[in-house]
Amino acid sequence: MNFLTQSPRYVFFTGKGGVGKTSLASATAVRWADEGRRVLLVSTDPASNLGHVFNVEVGSEPLAIPQVPGLDVLNVNPNAAAAAYRERVVGPVRGILPEEVVSGMTEQLSGACTIEIAAFDEFTRILTSSEHAATYDHIIFDTAPTGHTLRLLTLPSAWSGYIETNEQGASCLGPLSGLKAQQAQYEQAVAALADPAKTVVILVSRPENGSLTEAARTSGELATLGITSQRLIINGVLPASSSDDPLALAMRARQERALAHMPVALRSLPRDTEPLRAFNVVGLAALRLFLRDDPIAAADTHAPASLSNIDLPGLTALIDEAAASGHGLIMVVGKGGVGKTTVAAAIAVELADRGHETLLTTTDPAAHVDQAVHGELPYLQVSRIDPHAETEAYRAHVMELKGKDLDAAGRALLAEDLRSPCTEEVAVFSAFSRVIQESGKKFVVMDTAPTGHTLLLLDAAGAYHREVLRHLSAKSGKVTTPMMRLKDPQRTRVVIVTLAETTPVLEAGELQDDLRRSGIEPFAWVVNSSMAAAGPRDPLLRLRAQSELPLIEKVRTSLSHRLAVLPWLPGEPVGIEALRALTHPQPQATSA
């Protein structure tokens with residue numbers, strides 16, 4: 001049965017970043033509202049782009065979309081939620097306790113974990129609201145990229161258990177009494193998520209091996225949490241046609257291979273397929289056409305501009321400039337699903353080919369840099385900051401350091417506190433700091449997590465930076481913090497990766513603004529998987545290529561002084577030779 005015809009009240013769209021969750025969630029919400037249903041569309045993604053899709057300013061309270069009667073939208077803003085959470089904890093004691101105590105509590109509640117738990121608190125409030133249940137026929141959640149979503153969905157069980165067993169003291173989130181007051185709400189949220197009559201989780205995937213593998217992993221972990229009501233949507237399938245375009249034939253063959261080898265865990269799920277669209281899904285007109293059968297509907301029907309003789313600079317010039325220093329940190333950032341891992345791996349392979357000692361690493365729990373390289377190369381080392389391993393090592397270190405002089409009861413209490421969800425953030429940041437130090441003697445190419453998590457990581461660097469400076473007056477000698485290195489353009493070059501699509505470019509621009517507010521000036525932009533750079537002949541792909549050109553020009557003229565455009569490749573960019581094709585591409589066949 002098609003997911004549009006019958007669904008429970010709560011509908012979650014989840015999957016690897018960039019697979020089309022927001023487009024599908026938004027189009028579904030519009031479709032159901034047009035059919036007369038009352039719908040609330042909620043984004044729990046720190047990098048939400050609902051405002052771009054609907055061309056409105058989306059806030060933390062339901063906002064009616066005037067052109068779609070029956071549809072309200074809201075965004076769970078992590079920073080606003082954290083501010084409100086801090087005030088709920090600190091407000092009652094302000095003016096009662098000494099100012100230094102209040103300041104200490106505020107500082108304690110300023111970390112990344114507080115932001116996440118506060119956003120989760122808002123999420124459960126929406127999920128369990130009797131008012132929303134009475135008002136709306138459906139509440140659709142456009143969730144964050146997979147790693148963040150799983151953490152969000154795990155928190156109800158994790159925190160209800162943590163609250164129940166830790167009866168005293170405070171956690172890294174402040175007094176536990178503030179959490180105990182919410183325990184009934186958290187338990188109600190857990191029950192709703194696991195009830196097939198109330199909730200369905202729609203796994204969104206592209207017809208690509210990596211995306212399907214991630215969907216299968218998500219499906220298994222959700223099932224472990226008791227969330228078994230699941231569906232699968234394969235989005236972006238190139239329709240069959242009579243075109244003999246080698247690019248179209250290669251794309252279709254690649255998709256068919258991926259679907260034929262779909263992970264076993266996905267094969268038993270109810271499945272829907274959505275075709276690749278020739279247009280960007282932004283605005284109500286595009287949303288209303290998105291779930292129709294015609295993939296070229298709403299596309300510009302004028303003949304595409306010539307795709308030949310277009311100046312689309314490659315990646316080599318950027319690497320030439322970065323390599324001149326002989327060492328340093330190259331940080332590859334961007335929204336999930338834009339190809340950061342591929343771009344980071346291609347840069348690292350090229351640097352190693354030039355004889356530079358290079359470390360390729362990632363802070364992304366869902367990234368697989370070792371699979372991207374898939375081979376050994378002189379001068380290249382590949383590693384991964386594994387959140388689970390780092391957390392276990394951090395717990396062992398703290399237990400050895402702080403627990404050696406405690407009695408059994410004290411050690412048990414310390415061990416319990418180290419099981420709090422925010423321990424992982426501290427552990428990963430510690431590993432991140434160690435890796436940054438290595439860039440003083442070699443190249444470190446870091447593939448970072450999706451945008452929201454990356455900014456939380458940089459926030460942690462900023463907090464650490466402030467803490468170090470606070471104590472400098474009591475120490476002698478020079479101290480270099482991670483944030484100092486990140487702000488130094490001679491030590492760190494930040495490369496923003498995006499796609500030549502409206503929403504990814506807008507989001508990359510916002511990321512650039514956030515980095516600049518942190519004192520970090522991006523080095524360059526890379527537009528990845530460009531159909532315009534590939535030069536297709538297939539009508540649908542040519543229309544997609546045509547739609548890219550204004551966006552590439554916008555990046556070139558108003559967003560970055562340095563730009564590289566990488567073509568969509570017929571073969572998956574996995575392995576050393578395939579990655580070399582990104583830095584030394586063969587001339588693409590183009591058509592007038």
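Quick notes on this structure:
- Convex hull volume of region 1-120 per residue (C-alpha atoms, cubic angstrom): 129 Å³
- I385 - accessible surface, heavy atoms, 1.4 Å probe, Å² rounded to 10: 10 Å²
- Gyration tensor over alpha-carbon atoms, region 227-282, equivalent ellipsoid semi-axes in Å: 25, 16, 7
- With all protein chains modelled, accessible area of F279 [1.4 Å, Å²]: 20 Å²
- Taking 0.36 nm per residue of sequence separation and removing the Cα-Cα distance, the T224/D405 pair yields an extension gain of 61.4 nm.
- Overall dimensions of region 474-545, expressed as equivalent-ellipsoid semi-axes from the Cα gyration tensor (√(5λ), whole Å, largest first), are 39, 12, 6.
- Applying 1/(1 + (r/R0)^6) with R0 = 30 Å to the Cβ-Cβ distance of H374 and D514 gives a FRET efficiency near 0.35.
- Gyration tensor (alpha-carbon) shape descriptor, region 308-363, a/c threshold 1.5: oblate
- Distance violations [Cα-Cα > 28 Å] among K21/K487; K335/K487; K16/K198; K340/K441; K21/K340: K21/K487
- A 1.4 Å probe, protein heavy atoms only, puts the accessible area of K442 near 30 Å².
- Over region 345-417, the Kirkwood radius and the radius of gyration, each from Cα atoms, give a ratio Rg/Rh of 1.26.
The values are calculated or read from the model by the stated rules, or taken from the named source; none is laboratory data. This one's a predicted model, so the numbers in the text were calculated from it and none came from an experiment. Every residue, glycine among them, receives a Cβ derived from its backbone with ideal geometry; neighbour counts consider all protein chains shown. Protein only, heavy atoms only, side chains kept; ligands, DNA and RNA dropped before computing areas. Shrake-Rupley method; radii C 1.70, N 1.55, O 1.52, S 1.80 Å.
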